[in-house]
Structure formats: C-alpha cells, structure tokens
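Here the structure comes first, spelled out in structure tokens, and everything after it is commentary.
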Amino acid sequence: MEIIENDPTTGAPIRLNGVFERDESGQADYLTDLLEVFDSEGVDSAFVFLFALDNLPHRPESDPREDLDLASLSIVKVLEGHNGTTYPQMPWEPKAAFTAIAEFYARCCSSQHEKSD
C-alpha cells in the first residue's frame, strides 16, 4: 500500500505513485506456501489477510496508475459500477489467490477426511 498516492486532505487513495506490474501468481504462491507451512506444523486454520478493499478498485481500462487494485492485498478485484462474471451477483472478480486458497483447502480437507476414515 506504500505505492498509493493519497489525498493530503482526506487521506483517500487517488492513484498509484508509479506504473506497476500485476503479479497475481506471486500473491497466490506466497499464500499457498504459508498455508502449507501452517498445515505441516499442525495449525488448524489461518486468517487470510483481506478479502476485498472497496477503496482500491480494479480499473483496467484507465491509466495504469488509476488501477488501485495493484496496491491491494485482497484476494478479489473490486469492480466499479458493475458486477463480475465469475459470480455475476457480486461486484468483484476473484484473483489467482482466491482460487489458490480454495484449492489448498479442498486438498487439505480432502486428505484430512481420508486420514480419519
């Protein structure tokens, strides 16, 4: 979030302070690695930092510095003025991390269920 330029009066995010490249797979890999470590150490559950940040919307059609989602740690891209395609009733689209977390817990829960049988 250090790459966000904020309004000096209100503190609201205005734009990014440069042009940055999206790395959804990096976020997904990082979270999966952490979940695997936690699982190997016997941790029952973990809180993933953020689901959505409404004040950092995804704006792919505008100036790249206006795509505030690039600074967001959330696992979904918040959309402005429309709903997503994956979940048409929701104003967001999943990022790669969303899918990676779901897949991890599907594998983890499935293997734990098999061990208890």
(request) Keeping the other protein chains in place, figure out the carbon and sulfur percent of the accessible area of the chain, with a 1.4 Å probe. (result) 54
(message) Please list, in order, the residues from the range 18-40 whose amide nitrogen is less than 16 Å from a point placed 7 Å along the Cα→Cβ vector of S62.
(response) 18-20
(request) Mind pulling the angle between the C-alpha long axis of helix 96-116 and the longest principal axis of the chain? Nearest 10 degrees, somewhere in 0 to 90. (result) 10
(message) 5 Å is the cut-off here: which amide hydrogens, built 1.01 Å from N in the peptide plane, fall below it relative to N6, excluding neighbours closer than 5 in sequence?
(response) I14
(message) Can you work out the Karplus-derived ³J(HN,Hα) for every residue in the range 81-86? Use 6.51 cos²θ - 1.76 cosθ + 1.60 with θ = phi - 60°, whole Hz, and x for glycine or proline.
(response) x, 7, 9, x, 9, 5
(request) Select from the range 1-102 those GluC sites (Glu not before Pro) which occupy a DSSP coil region and have at most 16 other Cβ atoms within 10 Å, ordered by residue number. (result) E2, E21, E41, E61, E80
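For the range 1-83, take N as its residue count and report Rg(C-alpha) divided by 2.2 N^0.38 Å.
Numbers: Rg = 15.1 Å, N = 83, 2.2 N^0.38 = 11.8 Å.
Cα-based Rg divided by the globular estimate yields 1.28.
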(request) For E5, put the label point 7 Å out on the Cα→Cβ axis and report which residues of the range 13-29 keep their amide N under 14 Å from it. (result) 13-20
(message) From the helices alone, meaning DSSP H stretches of at least four residues, give me the mean residue ellipticity at 222 nm for the chain, per-run term -39500 (n - 2.57), in deg cm²/dmol to the nearest 500.
(response) -11000 deg cm²/dmol
(message) If a paramagnetic tag sat 7 Å from the Cα of E36 along the Cα-Cβ line, which residues of the range 83-109 would have the backbone N under 17 Å from that point?
(response) 97-109
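If you count only protein heavy atoms with a 1.4 Å probe, what accessible area per residue comes out for the chain, rounded to a whole Å²?
Working: 7580 Å² over 117 residues.
On a per-residue basis, 65 Å².
Report relative contact order for the chain in percent, whole number only (criteria: Cα-Cα under 8 Å, sequence separation at least 6). Don't skip to the end; give the middle numbers.
Working: 154 pairs, mean separation 29.4, N = 117.
Reported relative contact order: 25 percent.
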(message) With a cap of 12 neighbouring Cβ atoms within 10 Å, and only residues DSSP puts in a loop, list the chymotrypsin sites (Phe, Trp or Tyr not before Pro) found in the range 1-48.
(response) F47
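The values are calculated or read from the model by the stated rules, or taken from the named source; none is laboratory data. Remember, predicted model here, so these are calculated numbers, not experimental data. When we count neighbours, we look across all protein chains shown, and the Cβ atoms used for this are built from the backbone with ideal geometry, even at glycine. Surface accessibility is based on the protein's heavy atoms, side chains included, excluding ligands, DNA and RNA. Shrake-Rupley method; radii C 1.70, N 1.55, O 1.52, S 1.80 Å.
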